[in-house]
Amino acid sequence: AKTVNVSELRRMREAGEKIACLTCYDASFALIQDRAGVDMILVGDSLGMVIHGGNTTTPVTVADIAYHSRCVAPHLKRSFLVADLPFLSYATLERALDSSLRLMQEGGAKMVKLEGGREQASIVEYLSVRGVPVCAHLGLRPQFVHKMGAFKVQGRDEAAAEEMLHDAEVLAKAGADLLLLECIPAELGRRITEASPVPVIGIGAGHDVDGQILVLHDILNISPMVTLGRKPRFVKNYMTDGADIETAIRNYVAEVKSGAYPAPEHCFLK
Ligand code: KIV
Ligand code: NA
């Protein structure tokens with residue numbers, strides 16, 4: 001199968017083929033996910049929660065993401081590898097460049113992801129013009145948890161929705177090759193995707209985006225959040241049919257491709 005890269009992601013968007021994405025942190029799962037047809041794999045700073053067992057992502061370091069990327073990267077034949085720039089690792093232009101260098105050279109990532117709106121445009125442009133593909137993560141930004149106080153749905157009123165639409169436009173103009181929307185009303189996910197010149201991946205952003213991403217441990221029903229009974233609305237357990245892990249991941253990919261996931265029960269309707 002064709003190797004996934006930035007232009008293949010664009011082609012999929014144009015062709016209306018949904019992009020199936022999942023987080024991954026080690027070699028064993030990388031092999032399975034690549035084989036199961038996951039288009040894009042993210043070494044997310046969610047590892048602070050599902051691997052390290054913390055309550056937030058803010059303690060995660062560039063070394064942590066580089067280490068897990070290095071575990072994953074050699075095992076991908078087809079999937080596109082994205083790595084998260086962790087908390088404050090892109091606070092200045094120089095830090096953003098150094099951090100991205102490590103994630104790409106040590107980690108083997110093909111794209112970096114950072115959280116933030118238009119205020120990050122200069123960082124996105126600085127990286128992008130130097131050949132670093134960037135994904136901009138909008139909506140709920142877990143690295144802002146200490147400012148927000150809690151994780152909650154974003155962009156609910158029209159003013160906030162318009163701000164986010166503007167952020168998306170500015171970031172794409174600055175050179176972002178991909179947008180990721182977390183925890184926003186489905187209608188806003190649709191509006192941002194329609195207006196966007198680049199592919200848009202959602203997590204809790206409704207059905208009308210170009211692709212979906214979930215945290216691996218959530219779909220396997222083993223993440224601390226799920227175990228402790230705090231399952232986010234958009235999470236679906238793919239282990240319910242009693243199948244093995246590879247089947248669960250294949251079923252997730254198939255449901256993203258067919259549009260069966262997300263169902264209305266996984267979306268924030270307003
Ligand atoms: O860190 C992560 O896993 C993420 C996804 C939830 C999008 O950023
Ligand atoms: Na993340």
Task: Those residues of segment 106-122 which are away from ligand 2 (no atom under 16 Å from the Cβ), part of a helix (DSSP H, G or I) and either surrounded by 20 or more Cβ atoms within 10 Å (Cβ to Cβ) or of a type outside the set (Lys, Arg) (or both), in sequence order - done: GLU106, GLU119, ALA121, SER122
TODO: Would you mind listing the helices (runs of 4 or more DSSP H) fully within segment 145-254 where at least 2 residues are of a type in the set (Lys, Arg)?
DONE: 186-195
Open item on the list: So, GLY131, is that one under 23 Å from MET40 (Cβ atoms), surrounded by fewer than 14 Cβ atoms within 10 Å (Cβ to Cβ) and without any contact (Cβ under 8 Å) to a residue 24 or more places away in the chain or not?
Closed with: yes
Task: Members of segment 1-58 found to be within 11 Å of ligand 1 (Cβ to nearest atom) and over 15 Å from SER223 (Cα atoms), listed by number - done: CYS21, MET40, ILE41, LEU42, VAL43
Open item on the list: I'd like to verify a number: residues in segment 80-107 that are basic (Lys, Arg) and without any contact (Cβ under 8 Å) to a residue 12 or more places away in the chain, how many?
Closed with: 1
- [ ] Sort through ASP157, ASP241, ASP218, ASP167 and tell me the only one that's surrounded by fewer than 23 Cβ atoms within 10 Å (Cβ to Cβ), at pLDDT 95 or above and touching a helix residue (DSSP H, G or I) at 6+ places or on another chain (Cβ under 8 Å).
- [x] ASP167
Task: Yes/no for LEU103 being more than 16 Å from ligand 1 (Cβ to nearest atom) and either hydrophobic (A, V, I, L, M, F, W, C) or surrounded by 24 or more Cβ atoms within 10 Å (Cβ to Cβ) (or both) - done: no
TODO: May I ask you to list pairs of residues, at least six apart or on different chains, whose Cβ atoms are under 6 Å apart, with the first in segment 29-49 being free of Cβ contacts under 8 Å to residues at least 40 places away in the same chain and the second being more than 14 Å from ligand 2 (Cβ to nearest atom) and assigned to a strand (DSSP E or B)?
DONE: none
Open item on the list: Looking at segment 205-217 only, could you name the residues that are away from ligand 2 (no atom under 13 Å from the Cβ) and in contact (Cβ under 8 Å) with a residue 40 or more places away in the chain?
Closed with: ALA205, GLY206, HIS207, ASP210, GLY211, GLN212, HIS217
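The values are calculated or read from the model by the stated rules, or taken from the named source; none is laboratory data. Just so you know, these numbers come straight off a predicted model, no measurement behind them. Here the Cβ is made from the backbone with ideal geometry for all residues, glycine too, and neighbour counts use every protein chain on show.
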